[in-house]
Protein chains: 2
Amino acid sequence: MKVHVATKSLAAALASLERVVPSRSSNPGLTFVHVTLTEDRLTLSGTNMELDLEAQLTADAAGEGAWALPGHVLGQVVRALPADSVDLEFGDTEVRISSGSFDTKLQLADASQVPPLSFPNEYEGALPAAVLARLLTSVRYAAAANDYQAVFRGIRLEMHDGHTRAVGSDGFRLAYYHTPETSGLDADVILPARAVDELGRLLDSGEARISLGNGQMSIACPGYRMNMKLMEGTFPDYNRVIPRDFRVEMVAPAQALVEAVGRVSLLSDASANNRVDLLIEEGNLTITAEGAYGGAQETLPVRQSGPDEQISLAYNARYILDAVKPLDGDVAIRFSGTQTPSVVQGEAETGYMAMIGPLRTVAD
Amino acid sequence: MKVHVATKSLAAALASLERVVPSRSSNPGLTFVHVTLTEDRLTLSGTNMELDLEAQLTADAAGEGAWALPGHVLGQVVRALPADSVDLEFGDTEVRISSGSFDTKLQLADASQVPPLSFPNEYEGALPAAVLARLLTSVRYAAAANDYQAVFRGIRLEMHDGHTRAVGSDGFRLAYYHTPETSGLDADVILPARAVDELGRLLDSGEARISLGNGQMSIACPGYRMNMKLMEGTFPDYNRVIPRDFRVEMVAPAQALVEAVGRVSLLSDASANNRVDLLIEEGNLTITAEGAYGGAQETLPVRQSGPDEQISLAYNARYILDAVKPLDGDVAIRFSGTQTPSVVQGEAETGYMAMIGPLRTVAD
């Protein structure tokens, strides 16, 4: 059983698998990748029990078969290969990998130790891969990083007739991305954030086909298939808390705002939530911070509107930066009050919405 | 007291100082940088007690004075500044830093807490900065990283009439770089490896002036002055152990050799010194390794000479890679025997020499 394949494609497939398959595990079978050869296709697959991934490569093959190999070792070897293509020749106990003047023999692992993986053949729904990527990556930052209510460590994906929406929240802030694109499915699911990260890396062009069942969501996109375990639990009814009335609204270039808040926050006090103060007044946003080393101030001209003449609030700088960074062009921030959430939206890309709460200050 | 300076130059100077000045210390004075203003020059200096560094900037100044500021905070602020130039205005308790729309006030630190630094005004010796950089950076890798005999954590610099030589060794391997350039000094000193790393980064073009005294070596190069504490101890007489008779010699392209050894070593056994085996025979170098996952082999054509028809030896792959990497073009490796050191030299750049010992194998 012999197969000839492009080094670069094989290296890319293995790099994806190495992010899923652990390099060490108390269950050694998890560290292996399954290698399957059929006619003109080489497939590599692996799992970390939360996420199953399969990468498909077109290959010039003679024979059929299935084997297991240590994933990270194989990845290291393939990345170092000297020539543009590589020959894999599978024997009974080892695979010979030849590329240019380099020759290596890797011992085959016991394939029976690898958890069996199955990917659906039919997918009921679909979205453009780029749309699904934008949905998930725009809101990913708002999910909780650490131990917290389990659902907050996931990304909620709402798929309904006429729209699709991704939502991330850690309980203190929330972001959603809403699109009229329809997947053809009708379901609300919560995806583990780490699995969303991997999916975001793999989604590129073409179509992402989607299937739900057995407590998991399966996605097929060009070159890859993936199963991710769905998270259980109830996501809070966030629509209820999105403010509808605003006292002051401002529009500013997103990038300039991120840079200014970033600079001023260098002087903020890390032990006091990296507090920065915002004052919007007479068409100017003034950002200030005070900390152990001194203070900083920067003023940006903004387009101001709303019933009130001015507003002054305090925020964790990180929350503003995270909420504005996914946006290009102009960003609109709408302030409902000093103790109620503010809403961040793109002026052009209105599908994105983030909600951040001001810090309570002594003045409140 | 006000000074106008280019943001980029100030950021570069602070980046150098931040690598020396600690960000935290039980002695807070060490975390400060001294800022001194005279006519048309701004100087910044700091120390970690092993290494003193001063950076000089041309500046558009009004007034004179000396202050202290927290080094890492100042560096962060300056790197984030929005405009190409920055104004520093020193008051009694704070410095105002303005650049474009950004304004910050940093509290001045207590300058009396900063250890006083002095740099020589006269330098007795000199070398071209690029030559001193090449000397030190070529042999740096061979110094011991961890606790070992203290002198092995330093780089020996031999400065004599008619030649200058840098030597690094960890007791298991050795590298020297020898040049006929003369510094004008006559001394053997041992420089701390970490200080050598910093000096290597600062040396660029122009002249490196050198002065010795008070147990330290001082270097002045364009834009910077530096004092480094010399290490005490006796460096072993390495000349005695450099072999003079060789059984087999080979010449190969350095880069191809590094790549091939790197690839093969991926399959070597990390618990057995990353052993790779070299066989030089009939104008070919065959590199092999065996480890827990299998084995690898690669053959390179080489120019072979020497009295013996072939030689077969084992090495720690890391030692070969480190010894060959400083070289461009062709590398010559001369093998004196399976239990005595081998010598690595550049074919073009003959000033560089490395000595590495083969691994003892069961066959020995």
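The values are calculated or read from the model by the stated rules, or taken from the named source; none is laboratory data. What you see is a predicted model, and the numbers here were worked out from it, not measured in a lab. Neighbour counts run over all protein chains shown; Cβ positions are idealised from the backbone, glycine included. Areas reflect the complete protein model, heavy atoms only, side chains present, ligands, DNA and RNA absent. Shrake-Rupley method; radii C 1.70, N 1.55, O 1.52, S 1.80 Å.
What to note about this one:
- Teacher prompt: A:D60 distances to equivalent labels in other copies, 7 Å Cα→Cβ, nm: 6.5
- Average projected area [Cα convex hull, region B:277-364], square nanometres: 6.2 nm²
- Of the three principal axes defined by the Cα atoms of region B:187-255, the extents in descending order read 48, 32, 19 Å.
- Relative pair counts by distance (%), Cα atoms of region B:147-246, 10 Å bins: 14, 46, 31, 8, 1
- Flagged links, alpha-carbon separation over 25 Å, of B:K8/B:K325; A:K2/A:K105; B:K105/B:K229: B:K8/B:K325; B:K105/B:K229
- Computed accessible area, B:M353, all protein chains, 1.4 angstrom probe, square angstrom: 0 Å²
- Each Lys or Arg adds one and each Asp or Glu subtracts one; over the other residues with Cβ under 10 Å from the Cβ of B:K105, this totals -3.
- Ascending list, in nanometres, of distances separating the A:A292 label from those of the other copies (7 Å, Cα toward Cβ): 4.3
- Distances in nm from A:A130 to the matching label points in the other copies, shortest first (labels 7 Å along Cα to Cβ): 4.7
- Computed from backbone phi, the HN-Hα couplings of region B:38-52 come to 9, 4, 10, 9, 10, 10, 10, 9, x, 8, 10, 6, 9, 9, 9 Hz, rounded to whole numbers (Karplus: 6.51 cos²θ - 1.76 cosθ + 1.60, θ = phi - 60°; Gly and Pro given as x).
- Lys, Arg +1 and Asp, Glu -1 on Cβ, resulting dipole of region A:1-130 about Cα centre, debye, nearest 20: 480 debye
- The protein assembly as shown - charge dipole about Cα centre, Lys and Arg +1 at Cβ, Asp and Glu -1, debye rounded to 20: 860 debye
- Taking each DSSP H run with n ≥ 4 as -39500 (n - 2.57) and averaging over every residue of the protein assembly as shown yields -5500 deg cm²/dmol at 222 nm.
- Antiparallel bridge percentage (DSSP; both residues within region A:117-220; nearest 5): 100 percent
- Relative contact order (percent, whole number), region B:277-364, Cα cutoff 8 Å, 6+ residue spacing: 22 percent
- For chain A, the longest principal axis of the Cα atoms and the long axis of helix A:254-265 meet at an angle of about 80 degrees.
- Top of B:G351, B:G154, B:G162 by mean-square fluctuation, Gaussian network on chain B, Cα under 10 Å: B:G162
- Dipole magnitude (debye, nearest 20) for region B:201-241, charges at Cβ of Lys, Arg, Asp, Glu: 80 debye
- Relative frequency of Cα-Cα separations exceeding 26 Å in chain A, percent: 58 percent
- Region A:50-166: relative contact order in percent, alpha carbon pairs under 8 Å with at least 6 residues between: 15 percent
- GNM result for chain B, Cα springs below 10 Å: residue of B:L230, B:L267, B:L135 fluctuating most strongly: B:L267
- Projecting the Cα atoms of A:M226, B:L81, B:L108 onto the charge dipole of the protein assembly as shown, computed from C-beta unit charges around the Cα centre, puts B:L108 farthest toward the positive end.
- Hull-based mean projected area of the protein assembly as shown, where the convex hull spans the alpha carbons, in square nanometres: 38.1 nm²
- With DNA, RNA and ligands ignored, accessible area of A:K229 (1.4 Å probe; Å², nearest 10): 110 Å²
- Exposure of A:D84 as accessible area (Å², to 10), given a probe of 1.4 Å and all protein chains: 140 Å²
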